[in-house]
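The structure appears below as structure tokens.
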Amino acid sequence: MRVVSGIQPTGNLHLGNYLGAVKQWVAMQDEVQAAGGETMYFIADLHGLTQWIAPATLNANTIEMTATLVAAGIDPERSILFNQTRVPAHSELAWLLNNVARVGWLNRMTQFKDKAGKNREGASVGLYDYPVLMAADVLLYNATHVPVGEDQKQHLELARDIAAKFNMDYERELFTLPEPLVSKEAPRIMSLRDASAKMSKSNPSEMSLIKLIDSDEVIADKFRKAKTDPEPLPDSWEALEGRAEARNLVTIFAALADRTPADVVAEFAGKGFGQFKPALADLAVAKLGPIRNEMQRLLDDRAAIDAILARGAEKARALAAPTLRAAQETMGLVA
Ligand code: TYM
């Protein structure tokens, strides 16, 4: 079992990333390693380039994201933690896979459509080709499992299609087909202002997302002002059908508390959001505050963070080399 996953350094870690992906990454360190497997997590800084970002910001975010992941529980002694740029095989394999992936497949990617918006002609080629780099990220290590939020599932399915086509075209079982693992508790955390949109760093409203660097007061304030409806909570999860904002807050509560949404609804049945929101804010502060404090402590020693990334990349390069070499051989680039 080899678990591989990544995160873009386009902003601070937010609650959607944390509950949808990173919390699973941390849990998997123990489970996978107990079973003799390996966990690899990386900062997708090359993906970060697909939409304009100031160079100094990208650099600072990569360091900050690394500190946040370590503070959230990714142990660089037990997991391989690195950034893509330091492992050139990601870019090299992506180019090889560009010749396997089909334009028709990329045309179906909903994230490109969302991110490019109306100005598709003006989007970067990188944004369009982004899922092929993502396929390279996981196929390079023959990842068996890839823990992601629901929004990345389509990209993982594309990675499987690319792997299968490569194996078929070249009549060689080189690549392992990776399995996406989507968190059951928090597949999709939605915006606190509009529960029809996912919580995302690209949302212009600061109030729509909880960042892991937010102070306790800001976290509490954002939950207090989160959009809800005037009804009290019902006595079952099913009865929340059609109340997207309420469902989102219950989902967040349950994921933070490691409880089921049904259990949370049962506890608050008949109570209004005037009672639910402060309880949610307290829980979030209790869970996220220590991560923020630890991240700030780690950020005081940038050299130590840089050393973590350098060591992680060295290990990743060693694991990547044989796969890249085998792909080059298979395609006739080297003998
Ligand atoms: P990114 O940086 O947008 O998000 C990192 C992880 O967080 C999950 N996520 C969410 N989950 C639930 N609710 C949300 N509102 C929410 N927002 C984000 C994402 O699904 C993701 O798992 N392309 C990837 C990064 C990447 C990658 C990879 C992932 C690059 N290469 C290879 C896995 C394997 C991305 O942009 O994620």
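Quick notes on this one:
A quick yes/no check of all residues on (1) closer than 30 Å to Asn142 by Cβ; (2) surrounded by fewer than 18 Cβ atoms within 10 Å (Cβ to Cβ); (3) acidic (Asp, Glu):
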site: Arg243; (1), (2), (3): no, yes, no
site: Ile252; (1), (2), (3): no, no, no
site: Pro290; (1), (2), (3): no, yes, no
site: Ala310; (1), (2), (3): yes, yes, no
site: Glu314; (1), (2), (3): yes, yes, yes
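- Taking the stretch 67-105 as the range and being β-branched (Val, Ile, Thr) and farther than 20 Å from Gln33 by Cβ as the test, the residues that pass are Thr68, Thr85, Val87, Val100, Val103.
- Scanning the stretch 10-22 for residues that are within 10 Å of the chain's Cα centre (by Cα) and either assigned to a loop (DSSP other than H, G, I, E, B) or near the ligand (Cβ under 6 Å from one of its atoms) (or both) yields Leu13, Gly16, Asn17, Gly20, Ala21.
- Filtered by the rule that a residue be within 16 Å of the ligand (Cβ to nearest atom) and without any contact (Cβ under 8 Å) to a residue 60 or more places away in the chain, the stretch 109-121 gives Met109, Thr110, Gln111, Phe112, Lys113, Asp114, Ala116.
- Residues that are over 22 Å from Asn12 (Cα atoms) and among the hydrophobic types (A, V, I, L, M, F, W, C), drawn from the stretch 299-317: Ala316
- Matching residues, the stretch 2-14, being modelled with pLDDT of 95 or more and either closer than 18 Å to Leu139 by Cα or surrounded by fewer than 24 Cβ atoms within 10 Å (Cβ to Cβ) (or both): Arg2, Val3, Val4, Ser5, Gly6, Ile7, Gln8, His14
- Single match in Asp114, Asp137 (criterion: touching a strand residue (DSSP E or B) at 6+ places or on another chain (Cβ under 7 Å), under 24 Å from Pro187 (Cβ atoms) and among the charged types (D, E, K, R)): Asp137
- Helices (runs of 4 or more DSSP H) wholly inside the stretch 81-189 that include at least 3 residues being hydrophobic (A, V, I, L, M, F, W, C): 89-98, 103-107, 125-139, 153-169
- If the condition is being of a type outside the set (Asp, Glu) and under 11 Å from Leu233 (Cα atoms), then the stretch 250-273 contributes Val250, Val264, Val265, Ala266, Phe268, Ala269, Gly270, Lys271, Gly272, Phe273.
- Members of the stretch 23-60 found to be within 12 Å of the ligand (Cβ to nearest atom), touching a strand residue (DSSP E or B) at 6+ places or on another chain (Cβ under 7 Å) and in a helix (DSSP H, G or I), listed by number: Gln24, Trp25, Asp45
- Criterion violated by Asp229 - all others in (1) surrounded by 13 or more Cβ atoms within 10 Å (Cβ to Cβ); (2) closer than 16 Å to Asp194 by Cα satisfied: (1)
- Here the stretch 151-202 is the region considered, the condition is being touching a His at 6+ places or on another chain (Cβ under 8 Å) and more than 17 Å from Val22 (Cβ to Cβ), and the residue that is nearest to the ligand (Cβ to nearest atom) is Pro178.
- Looking at Arg247, Arg224, Arg259, just one residue is buried (at least 17 other Cβ atoms within 10 Å of the Cβ) and basic (Lys, Arg), and that residue is Arg247.
- Residue within the stretch 71-83 that is without any contact (Cβ under 8 Å) to a residue 40 or more places away in the chain and among the aromatic types (Phe, Trp, Tyr) present: no
- Qualifying residue in the stretch 135-150 (condition: within 11 Å of the ligand (Cβ to nearest atom), within 21 Å of the chain's Cα centre (by Cα), surrounded by fewer than 18 Cβ atoms within 10 Å (Cβ to Cβ) and among the acidic types (Asp, Glu)): yes
- None of Ala34, Ala56 is at pLDDT below 95, over 16 Å from the mean Cα position of the chain (by Cα), among the aliphatic types (A, V, I, L, M) and surrounded by fewer than 16 Cβ atoms within 10 Å (Cβ to Cβ) except Ala34.
The values are calculated or read from the model by the stated rules, or taken from the named source; none is laboratory data. This is a predicted model, so every value here is computed, not measured. Here the Cβ is made from the backbone with ideal geometry for all residues, glycine too, and neighbour counts use every protein chain on show.
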